[in-house]
1. Which ones in the range 112-125 are within 13 Å of Lys163 (Cα to Cα) and either out of contact with any Asp or Glu (no Cβ under 8 Å at 6 or more places or on another chain) or open to solvent by 20 Å² or more (accessible area, probe 1.4 Å) (or both)?
2. Starting from residues that are in a loop (DSSP other than H, G, I, E, B) and out of contact with any Pro (no Cβ under 9 Å at 6 or more places or on another chain), keep the ones in the range 130-140 and report whichever is modelled with the highest pLDDT.
3. Scanning the range 126-142 for residues that are open to solvent by 10 Å² or more (accessible area, probe 1.4 Å) and in contact with a Gly (Cβ under 8 Å, 6 or more places away or on another chain), which turns out nearest to Val162 (Cα to Cα)?
4. Go through (1) open to solvent by less than 100 Å² (accessible area, probe 1.4 Å); (2) at pLDDT below 85; (3) of a type in the set (Lys, Arg) and name the single condition Arg158 misses.
5. For the range 61-111, give me the residue count where each residue is at pLDDT below 80, surrounded by 10 or more Cβ atoms within 10 Å (Cβ to Cβ) and not aliphatic (A, V, I, L, M).
6. Can you list residue pairs whose Cβ atoms sit under 7 Å apart, with the first residue in the range 19-48 being under 26 Å from Pro3 (Cβ atoms) and the second being of a type in the set (S, T, N, Q) and open to solvent by less than 40 Å² (accessible area, probe 1.4 Å)? Count only pairs 6 or more apart in sequence or on different chains.
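The values are calculated or read from the model by the stated rules, or taken from the named source; none is laboratory data. Note that this is a predicted model, so its numbers are computed, not measured. Cβ placement follows ideal geometry from the backbone for every residue including glycine, while neighbour counts extend to all protein chains displayed. Accessible surface areas use protein heavy atoms only, side chains included; no ligands, DNA or RNA. Shrake-Rupley method; radii C 1.70, N 1.55, O 1.52, S 1.80 Å.
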Amino acid sequence: MPPLALAVIFLLLGLGILIAEVFLPSGGILAILTFAALGASISAAYSGLWETHPEWFWAYVGVVVGSVPTTVLIAFWVLPRTPFGRRMMLEGPKPEEVDPYADDRERLQKLVGTVGTAVTPHMPGGIIEVGGERLHADARGPLPAAGDRVEVVAIEGRRVIVKRATEPTAQKTAAEPAAEAEPTSDDESVFPTFDDPTP
């Protein structure tokens, strides 16, 4: 068999064993066979090219060396897309499995910057109502009283952090009793008139 044909056969054999090593880890045995086959391929190419075309021999060596990482990359790209590869490679956990409260935090994060109302006094924790939802919140800075407007400034874990808004709404207070009207001089009910008695 011509040396060049033998070189190509050993090259294809070595790359095939290399792909098998990716799909069927053998503890390095297939890797050793791969490099043995590639070495035999280079040796056969040397026998057929060195005396007549040494530059072609070096070009062939470059092809062999470059084909190794290229084959490995292609094998690893193909592996996860095969049924065998999907069974062999463990699928990573889903985000909700790693962090079961991720959805809650994402929902709460959208409230940052919104303004709501303190339902209860904060000491510093309390209840706020924002976006039609009542939430437990911690206050920073001056503690809001019930009825104060509060702004959501941050989310720490699942905890809502608020501060008193710069323009609080007027707090609801109990209606004060109406002041008694001051008597006027022409109010006969206050200043009754008496008929002078006749002697």
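1. First pass over the range 112-125, keeping only residues within 13 Å of Lys163 (Cα to Cα): 112-118, 121-125.
Passing the criteria: Val112, Gly113, Thr114, Val115, Thr117, Pro121, Met123, Pro124, Gly125.
2. Ranking the candidates gives Gly132 first.
3. Asp138
4. (1)
5. Total meeting the criteria: 15.
6. Ile19/Thr71
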